[in-house]
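A short worksheet on the structure shown next.
The values are calculated or read from the model by the stated rules, or taken from the named source; none is laboratory data. Just so you know, these numbers come straight off a predicted model, no measurement behind them. Note that we place each Cβ from the backbone using ideal geometry, even for glycine, and neighbour counts take in every protein chain shown. We work out accessible area using only protein heavy atoms, side chains counted, and drop any ligands, DNA or RNA first. Shrake-Rupley method; radii C 1.70, N 1.55, O 1.52, S 1.80 Å.
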Amino acid sequence: MADVTQEQLFEFLCRMGDNTLVLGHRVSEWCGHAPVLEEDIALANTALDLIGQTQMWLGLAGEVEGKGRTADDIAMLRDVWDFRNVLLAEQPNGDFGQTMMRQFLFDAWHLAMLTALTKSTHEQIAAIAAKAVKEVQYHVERSGETVIGLGDGTSESHKRMQDALDLLWPYVGEMFVSDAIDDAMAAAGIAPDLADLRAQYDAHVTPVLAEATLMIPEGGFAHKGGKTGFQHTEHLGHLLTQMQWLQRAYPGATW
Amino acid sequence: MYAQMVKSEAADESAEAQAFQARIDAGEKIEPKDWMPAGYRKTLIRQIGQHAHSEIVGQLPEGNWITRAPTLERKAILLAKVQDEAGHGLYLYCAAETLGVSRDELTEMLLDGRMKYSSIFNYPTLTWADMGAVGWLVDGAAIMNQVPLQRTSFGPYSRAMIRVCKEESFHQRQGYDIMMKMAQGTPEQKAMAQNALDRFWYPSLMMFGPSDADSVHSAQSMAWKIKMNTNDELRQKFVDQTVPQAEYLGLTVPDKTLKWNDEKGGYDFAEPDWAEFFEVIKGNGPCNTERLAARNKAWDDGKWVRDGLLAHAEKRNARKVAAE
């Protein structure tokens, strides 16, 4: 089995951790503002799971890097170009439908990815995935049910969900585009071949969207640049100004 | 308190009412299907409803800092805490529903201003230390009232309080933990902690409401065991508990008259500005407008979601019936 470099492994772990960090942050923005109390609780719960997973992924990234950085250092003290989350995760919440569509499109990928990672040759990665996959199973059940309920609800809810799908679908492709890092991970048996996940993803997502009476947009265009860090959207910088405010304003303080 | 100045209805003198009072005096719990005086029911709906609304509006001042929490752990803890508050709101609305009012009706009354929520949530949270102060002081004050309410006469309310209290004591500890970290931190952090105490001290004392020692409403509520102590008793207990904690933190309670009184075995302290309290209750607190606007916006923006999910549930049921 091929070896991976420390840098490649660090990069991969940042991708996993930044996805959960940035999406967890976005979901947490809802706290206290959801359409019904039960949804408020469920959104907070999802955000909480994602932040917990972030602690594990970025904690391991810090260990692998070996420069003494903690998960907090990595989360709070990097700038936009060092973030490795997919562009989908940083998209703004929009209305509740847009938030739940983003969640479902991500969750279905996340579930497939984590399921594969439970068989990783890297013990700690397999252990994190084993814990996270149980949480994500619940996330995707809930986001899928909500997408169905709202897609197949009233004409207004249907239209809003179709608009959300049209807006977010072009961000799906990036989750399956492999680069040298992904190839190295796959060759070492650390992570799956992303192209293999696509078939699973489509088998999961297509029937849910059909039940929701929603049409998957035509054309295979995919935005990219998030997971490589080459080019994020403008939204990420604003998210970081909030998330990192205290750590940046009071350097060296402990909290 | 989370329920402040709840106006109590008068008792009636019927034989049923007397038998009801005898059950309460004997320490029995009243359950939703039991006979109860109309006044008891109405007062409880007001009190539990206000308590529930306070939990819901109370998400906002803390939710204000979730996206700016300084570490991943603090963010997770704060999220869990605010989620607990929403859960408390849910138990309390359920308890109120057993009295024959729906959650939607109560929500409408909150949103159009017919029902109130605790005055404390109309104060802003300006720095991270405020997350500490809210946990330590606001949850601390809430616990003072909620611990005795575990023994309240209405079964569903009492059981809700038992669950709530378990979580609230964790909330208070996390608040104190934030304050401790700040008070022992950099000079800026310590200043932030003192500033938070300066702003939250008097509003916390106001949470118990004005003195009700001579109030007939309070006397009736106490006879019904839906209020267990006078406002002054609870406020005194809160001050006595909190002052040594502030001293331990090395922070100064913003009350120059504060002094231990050996004779009464408690502190003498300055009353909050009750004129300010009544202004806040009337809608003139620093954040009343924003808090109600935020709740109204969440409700209005969420209408299409609630309608959509309901429409889907109806379609699904119709399909199921058609298939059978």
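For the range A:64-71, does any single residue satisfy the condition of being polar (S, T, N, Q), assigned to a helix (DSSP H, G or I) and within 13 Å of chain B (Cβ to nearest Cβ)? Break it down into steps so the answer makes sense when it comes.
At the first step, the residues of the range A:64-71 found to be polar (S, T, N, Q) are A:70.
From the residues that got through so far, the ones that are assigned to a helix (DSSP H, G or I) too are none.
Within the range A:64-71, none of the residues are polar (S, T, N, Q), assigned to a helix (DSSP H, G or I) and within 13 Å of chain B (Cβ to nearest Cβ).
Considering only residues that are within 15 Å of A:G24 (Cα to Cα) and surrounded by fewer than 24 Cβ atoms within 10 Å (Cβ to Cβ), which ones fall in the range A:114-137? It would help to see each step written out before you state the result.
At the first step, the residues of the range A:114-137 found to be within 15 Å of A:G24 (Cα to Cα) are A:132, A:135-136.
Residue satisfying the conditions is A:E135 alone.
Consider A:D40 carefully, then state whether it is touching a residue at least 40 places away in the same chain (Cβ under 8 Å) and facing chain B (nearest Cβ under 10 Å). Before you say what the answer is, go through the steps one by one.
Numbers: touching a residue at least 40 places away in the same chain (Cβ under 8 Å): no; facing chain B (nearest Cβ under 10 Å): yes.
Considered against the rule, which asks whether it is touching a residue at least 40 places away in the same chain (Cβ under 8 Å) and facing chain B (nearest Cβ under 10 Å), A:D40 comes out as no.
For residues that are acidic (D, E) and away from chain B (no Cβ under 11 Å), scanning just the range A:207-248, find the one that is farthest from the chain's Cα centre (by Cα).
Initially, the range A:207-248 is screened for residues acidic (D, E), giving A:211, A:218, A:234.
Next, from what is left, pick out any that are away from chain B (no Cβ under 11 Å): A:218, A:234.
Working: A:E218: 23, A:E234: 17 Å.
Result: A:E218.
Checking B:N229 against (1) at pLDDT 95 or above; (2) outside any helix (DSSP H, G or I); (3) under 17 Å from the mean Cα position of the chain (by Cα), which test does it fail?
Failed condition: (1).
What are the pairs, 6+ residues apart or on separate chains, where a residue within the range A:143-157 that is more than 7 Å from chain B (Cβ to nearest Cβ) and closer than 22 Å to A:L23 by Cα has its Cβ under 6 Å from a residue that is open to solvent by 10 Å² or more (accessible area, probe 1.4 Å) and hydrophobic (A, V, I, L, M, F, W, C)?
A:G144/A:V208
If B:Y176 satisfies all but one of (1) assigned to a helix (DSSP H, G or I); (2) more than 14 Å from chain A (Cβ to nearest Cβ); (3) open to solvent by less than 10 Å² (accessible area, probe 1.4 Å), what's the number of the condition it fails?
Tallying (1) assigned to a helix (DSSP H, G or I); (2) more than 14 Å from chain A (Cβ to nearest Cβ); (3) open to solvent by less than 10 Å² (accessible area, probe 1.4 Å), B:Y176 fails exactly one: (3).
Across the range B:232-245, what is the number of residues that are under 22 Å from the mean Cα position of the chain (by Cα) and either within 21 Å of B:A193 (Cα to Cα) or exposed (fewer than 11 other Cβ atoms within 10 Å of the Cβ) (or both)? Talk me through it step by step, then tell me what you get.
Going through the range B:232-245, the residues under 22 Å from the mean Cα position of the chain (by Cα) turn out to be B:232-243, B:245.
Now narrow it down to the ones that are either within 21 Å of B:A193 (Cα to Cα) or exposed (fewer than 11 other Cβ atoms within 10 Å of the Cβ) (or both): B:238-243, B:245.
Final tally of qualifying residues: 7.
Taking the range B:114-149 as the region of interest, how many residues are touching a Cys at 6+ places or on another chain (Cβ under 6 Å) and outside any helix (DSSP H, G or I)?
The number of residues fulfilling the criteria is 1.
Given the criterion open to solvent by less than 10 Å² (accessible area, probe 1.4 Å) and either under 30 Å from A:E234 (Cβ atoms) or touching a Pro at 6+ places or on another chain (Cβ under 7 Å) (or both), identify the matching residue among A:L111, A:L194.
On the way: A:L111 fails: open to solvent by less than 10 Å² (accessible area, probe 1.4 Å).
Selected residue: A:L194, the only one of A:L111, A:L194 that is open to solvent by less than 10 Å² (accessible area, probe 1.4 Å) and either under 30 Å from A:E234 (Cβ atoms) or touching a Pro at 6+ places or on another chain (Cβ under 7 Å) (or both).
Among the residues of the range B:74-102, how many are more than 7 Å from every other protein chain (Cβ to nearest Cβ) and either out of contact with any Leu (no Cβ under 8 Å at 6 or more places or on another chain) or surrounded by 23 or more Cβ atoms within 10 Å (Cβ to Cβ) (or both)? So that I can check it myself, show each step before the final result.
We begin by selecting, within the range B:74-102, every residue more than 7 Å from every other protein chain (Cβ to nearest Cβ); these are B:77-78, B:81, B:84-85, B:88, B:91-102.
Next cut, either out of contact with any Leu (no Cβ under 8 Å at 6 or more places or on another chain) or surrounded by 23 or more Cβ atoms within 10 Å (Cβ to Cβ) (or both) only: B:77-78, B:81, B:84-85, B:88, B:91-98, B:100-102.
Matching residues across the range B:74-102 total 17.
Name the residue that is surrounded by the most Cβ atoms within 10 Å (Cβ to Cβ), counting only residues in the range A:21-37 that are among the aliphatic types (A, V, I, L, M) and facing chain B (nearest Cβ under 7 Å). Lay out the reasoning, then the answer.
Pass one, the range A:21-37, residues among the aliphatic types (A, V, I, L, M): A:21-23, A:27, A:34, A:36-37.
Still in the running and facing chain B (nearest Cβ under 7 Å): A:34, A:36-37.
On the way: A:A34: 22, A:V36: 17, A:L37: 19.
Residue satisfying both the conditions and the ranking: A:A34.
Given the conditions (1) buried (at least 21 other Cβ atoms within 10 Å of the Cβ); (2) within 7 Å of chain B (Cβ to nearest Cβ); (3) not in a loop (DSSP other than H, G, I, E, B), report the number of the one that A:N45 does not fulfil.
(1)
Does B:A95 satisfy the criteria of being touching a residue at least 12 places away in the same chain (Cβ under 8 Å), of a type in the set (G, A, S) and over 19 Å from B:A133 (Cβ atoms)?
Numbers: touching a residue at least 12 places away in the same chain (Cβ under 8 Å): yes; of a type in the set (G, A, S): yes; over 19 Å from B:A133 (Cβ atoms): yes.
Answer is yes for this residue.
Can you tell me which residue among A:Q91, A:Q55 is touching a Leu at 6+ places or on another chain (Cβ under 9 Å) and either within 13 Å of chain B (Cβ to nearest Cβ) or modelled with pLDDT under 95 (or both)? Explain how you work it out, then say what you get.
Numbers: A:Q91 fails: either within 13 Å of chain B (Cβ to nearest Cβ) or modelled with pLDDT under 95 (or both).
Answer to the check: A:Q55.
Which of the numbered conditions does A:L77 fail, given that it passes all the others? Conditions: (1) open to solvent by less than 40 Å² (accessible area, probe 1.4 Å); (2) in contact with a helix residue (DSSP H, G or I) (Cβ under 8 Å, 6 or more places away or on another chain); (3) within 14 Å of chain B (Cβ to nearest Cβ).
Among (1) open to solvent by less than 40 Å² (accessible area, probe 1.4 Å); (2) in contact with a helix residue (DSSP H, G or I) (Cβ under 8 Å, 6 or more places away or on another chain); (3) within 14 Å of chain B (Cβ to nearest Cβ), A:L77 violates only (1).
Scan the range A:227-238 and tell me whether some residue there is surrounded by fewer than 19 Cβ atoms within 10 Å (Cβ to Cβ), among the aromatic types (F, W, Y) and in a helix (DSSP H, G or I). Talk me through it step by step, then tell me what you get.
Here is the first cut: in the range A:227-238, the residues surrounded by fewer than 19 Cβ atoms within 10 Å (Cβ to Cβ) are A:228-231, A:233-235, A:237-238.
When the remaining residues are screened for being among the aromatic types (F, W, Y), the result is A:230.
Next, from what is left, pick out any that are in a helix (DSSP H, G or I): none.
Within the range A:227-238 (the criterion being surrounded by fewer than 19 Cβ atoms within 10 Å (Cβ to Cβ), among the aromatic types (F, W, Y) and in a helix (DSSP H, G or I)), the answer is no, since none of the residues qualifies.
Kindly provide the set of residues from the range B:204-226 that are in a helix (DSSP H, G or I) and either open to solvent by less than 10 Å² (accessible area, probe 1.4 Å) or among the polar types (S, T, N, Q) (or both), ordered by number. Show your work before the answer.
Filtering the range B:204-226 for residues in a helix (DSSP H, G or I) gives B:204-206, B:216-223.
Once the filter is applied, which keeps residues that are in a helix (DSSP H, G or I) and either open to solvent by less than 10 Å² (accessible area, probe 1.4 Å) or among the polar types (S, T, N, Q) (or both), the range B:204-226 yields B:S204, B:L205, B:M206, B:S218, B:Q220, B:S221.
Go through the range B:306-320 residue by residue and tally those that are exposed (fewer than 13 other Cβ atoms within 10 Å of the Cβ) and more than 8 Å from every other protein chain (Cβ to nearest Cβ). Quick ask: steps written out before the conclusion?
Step one: filter the range B:306-320 for residues exposed (fewer than 13 other Cβ atoms within 10 Å of the Cβ), giving B:313-314, B:317-320.
Retained after the next criterion (residues that are more than 8 Å from every other protein chain (Cβ to nearest Cβ)): B:314, B:317-320.
Qualifying residue count, the range B:306-320: 5.
Okay, residues lined up against (1) surrounded by 19 or more Cβ atoms within 10 Å (Cβ to Cβ); (2) assigned to a loop (DSSP other than H, G, I, E, B):
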| site | (1), (2) |
| --- | --- |
| B:Y2 | yes, yes |
| B:K33 | no, yes |
| B:M36 | yes, yes |
| B:R41 | no, no |
| B:L44 | yes, no |
| B:H53 | yes, no |
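Out of all the residues in the range A:86-95, is one or more over 12 Å from the mean Cα position of the chain (by Cα), open to solvent by less than 10 Å² (accessible area, probe 1.4 Å) and not basic (K, R)?
Restricting attention to the range A:86-95, the residues satisfying the condition of being over 12 Å from the mean Cα position of the chain (by Cα) are A:92-95.
Checking which are open to solvent by less than 10 Å² (accessible area, probe 1.4 Å) leaves us with none.
No.
Mind checking which residues of the range B:261-303 are outside any helix (DSSP H, G or I), surrounded by 13 or more Cβ atoms within 10 Å (Cβ to Cβ) and without any contact (Cβ under 8 Å) to a residue 24 or more places away in the chain?
B:D268, B:A270, B:G302
Take B:T67 and decide whether it is within 30 Å of A:L77 (Cα to Cα) and of a type in the set (S, T, Y).
On the way: within 30 Å of A:L77 (Cα to Cα): yes; of a type in the set (S, T, Y): yes.
The answer is yes for B:T67.
Please name all residue pairs, on different chains or six or more residues apart, with Cβ atoms under 8 Å, provided the first residue is in the range B:145-168 and is closer than 17 Å to B:E85 by Cα and at pLDDT 95 or above and the second residue is among the acidic types (D, E) and open to solvent by 10 Å² or more (accessible area, probe 1.4 Å).
none
What is the number of the single condition among (1) open to solvent by 70 Å² or more (accessible area, probe 1.4 Å); (2) over 25 Å from A:V136 (Cα atoms) that A:A249 does not meet?
(1)
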